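A short worksheet on the structure shown next.
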Amino acid sequence: MKVPFLDLKAAHDHLQGQIEAALLRVARSGSYVLGPELEDFEAAFARYVGSPHCAGVANGLDALRLGLEAMGVGPGDEVVVPANTYIATWLAVSQCGAVPVPVEPLEDTYNIDPDAVRAAITERTKAVLPVHLYGQPADMNVLEMIAQRHGLSVLEDGAQAHGARYKSRRIGSKGTVAWSYYPTKNLGALGDGGALTTDDDAISARVRLLRNYGSSIKYQNDVKGFNSRLDPIQAAVLKVKLDALDDATSRRQSIAKRYSEAFSGAGLCSPFVPAWADPVWHLYVLRHPDRASFQKRLADAGIATVIHYPIPPHLQTAYENAGHRRGSFPLTERLAAEVLSLPMCPAQTDEQTEYVIDNILKLA
């Protein structure tokens, strides 16, 4: 049996007719930048997460950067970020001219450690940027209390967490969250896309200004802005897929539940979920001390896996001048050497899931 890591075509098959109808509608509309398709999706996604505002932008990195810009983050500022994350979290800070200050994760959830955040705050700290890694919420109440105590802004990276709940409320229903709609995300477009949701009227207005050349009135530019607008074609596709997101999430949760039941007591380092978290399982991640050989054994059995992420940001060449070195963040480095993401697709069959489980128990 062959089990792909993620089969995007299979995941979309039942929506193909609706997606093609949406594409045709946009093609015939004569409105190809901003416009009603984008406005409809923004309203729908805002309702879905429970936020008063949603502004679509070109991609997830832009959502992070424009969110930080709207919060006033700039040169000379510091932003506390996870060491254990995809590099986009750091890049957004750097693109504002600010300095990413990395801290270690909690070993049980892999999300940012609030105590480490507290210890990293200096007089230059402007914001905290937690990531809801793998689709599991970070502990936002604690992080928000720390931020409030020190007068800091909080921007959440929700790129992997569409529909996730923290203490029964959806991520995005409170605060400001940057989203990615990259095709492999739980809510993915047919290309790049992103958005920012917020309950702050001023941040919403600022992001809308920044994404459109700094202009709210044609040919009148109030600030030095950017060109970062979610394409109406992608917005129309995302609206179709948003209507089906809860069903896809339910399927992911079912697969994750079966994995966790099977691996419990088997000596495998499988995900821990706090009682207050309701993850959406963008990724289901195991750890293995000899990952390379384990991954090869699974590949030989026809099971595709992916490493998220093999090189942490502080060891990337892009940040070689930031003063970090190997050993600076030992837990993050250990995770990067051990984590392995299992097949996780809403179209994955029960037979495929059982095949993955059987082989992992046999080959681990």
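The values are calculated or read from the model by the stated rules, or taken from the named source; none is laboratory data. Given the structure is predicted, the values throughout are model-derived calculations rather than measurements. Every residue, glycine among them, receives a Cβ derived from its backbone with ideal geometry; neighbour counts consider all protein chains shown. For accessibility, only protein heavy atoms count, side chains too; no ligands or nucleic acids. Shrake-Rupley method; radii C 1.70, N 1.55, O 1.52, S 1.80 Å.
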Descending packing, highest mean Cβ count within 10 Å first, for 142-153, 90-101 is 90-101, 142-153
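Take the residue pairs Lys126/Lys241; Lys185/Lys257; Lys167/Lys296; Lys167/Lys257; Lys167/Lys362 and return only those whose Cα atoms are more than 30 Å apart. Kindly include the intermediate steps, with their values, before the conclusion.
Details: Lys126/Lys241 36 Å; Lys185/Lys257 20 Å; Lys167/Lys296 39 Å; Lys167/Lys257 19 Å; Lys167/Lys362 36 Å.
Beyond 30 Å between Cα atoms: Lys126/Lys241; Lys167/Lys296; Lys167/Lys362.
Need one number: the % of Cα-Cα pairs in the range 5-51 sitting beyond the 14 Å mark. Display every interim value, and only then the final one.
Details: 704 of 1081 pairs.
Cα-Cα pairs in the range 5-51 separated by more than 14 Å: 65 percent.
For Tyr166, Tyr32, write out the residues from largest to smallest accessible area, computed with a 1.4 angstrom probe and no ligands counted. Before the final figure, lay out the partial values.
Working: Tyr166 0, Tyr32 115 Å².
The ordering from most to least exposed comes out as Tyr32, Tyr166.
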Shape call for the range 213-364, from the Cα gyration tensor axes a ≥ b ≥ c (a/c under 1.5 means rounded, otherwise prolate when a/b beats b/c, else oblate), comes out oblate
The ³J(HN,Hα) series, computed from each phi in the range 25-32 with the Karplus coefficients 6.51, -1.76 and 1.60 at θ = phi - 60°, rounded to the nearest Hz and given as x for glycine or proline, is 4, 5, 4, 8, 7, x, 10, 10
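Multiply the residue gap between Ala244 and Arg169 by 0.36 nm, knock off their C-alpha separation, and tell me the result in nm, one decimal place. Write out the running numbers ahead of the final one.
On the way: separation 75, 0.36 × 75 = 27.00 nm, distance 1.95 nm.
Once the chain is fully extended between Ala244 and Arg169, it gains 25.1 nm.
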Taking alpha-carbon centroids only, the range 111-153 lies from the range 288-364 a number of Å equal to 26 Å
Among beta bridges assigned by DSSP with both residues in the range 1-128, the antiparallel ones amount in percent, to the nearest 5, to 10 percent
The Cα extents of the chain along the principal axes, largest first and rounded to whole Å, are 65, 53, 37
Calc'd 3J(HN,Hα), the range 73-86, phi into Karplus 6.51 cos²θ - 1.76 cosθ + 1.60 (θ = phi - 60°), Hz, glycine/Pro = x, comes to 6, x, x, x, 7, 10, 10, 6, 10, x, 6, 9, 6, 6
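Place the peptides 40-51, 103-114 in order of packing, highest mean first, counting for every residue the other Cβ atoms within 10 Å and averaging per peptide. Mind showing how you got there, number by number?
Details: 40-51: 18.6, 103-114: 20.2.
Descending mean neighbour count gives 103-114, 40-51.
Antiparallel DSSP bridges in the chain: what percent, to the nearest 5?
Beta bridges within the chain, antiparallel portion: roughly 60 percent.
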The ratio Rg/Rh over the Cα atoms of the range 285-364, Rh being the Kirkwood inverse mean 1/r radius, stands at 1.09
Under the Karplus relation with 6.51, -1.76 and 1.60 and θ = phi - 60°, whole-Hz ³J(HN,Hα) for the range 170-186, x at Gly and Pro, equal 5, 4, x, 6, 9, x, 10, 10, 9, 10, 10, 10, 3, x, 7, 5, 4
Taking the alpha-carbon centre of each part, the distance from the range 9-52 to the range 177-234 in Å is 15 Å
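Want the number for Gln316 to Ala10: 0.36 nm per residue separation, take away the alpha-carbon distance, what's left? Provide the component values of the computation, followed by the final result.
Values: separation 306, 0.36 × 306 = 110.16 nm, distance 3.42 nm.
Taking 0.36 nm per residue and subtracting the Cα distance, the gain is 106.7 nm.
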Here FRET efficiency (C-beta to C-beta, Asp115 to Ala43, R₀ 45 Å, nearest 0.05) is 0.70
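How much length, in nm to one decimal, is gained on full extension between Val33 and Gln95, taken as 0.36 nm per residue of separation minus their Cα-Cα distance? Please report the intermediate quantities before stating the final value.
On the way: separation 62, 0.36 × 62 = 22.32 nm, distance 2.48 nm.
19.8 nm is the gain from fully extending Val33 to Gln95.
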With only helices counted (DSSP H, runs n ≥ 4, each -39500 (n - 2.57)), the per-residue ellipticity at 222 nm for the chain, to the nearest 500, works out to -12000 deg cm²/dmol
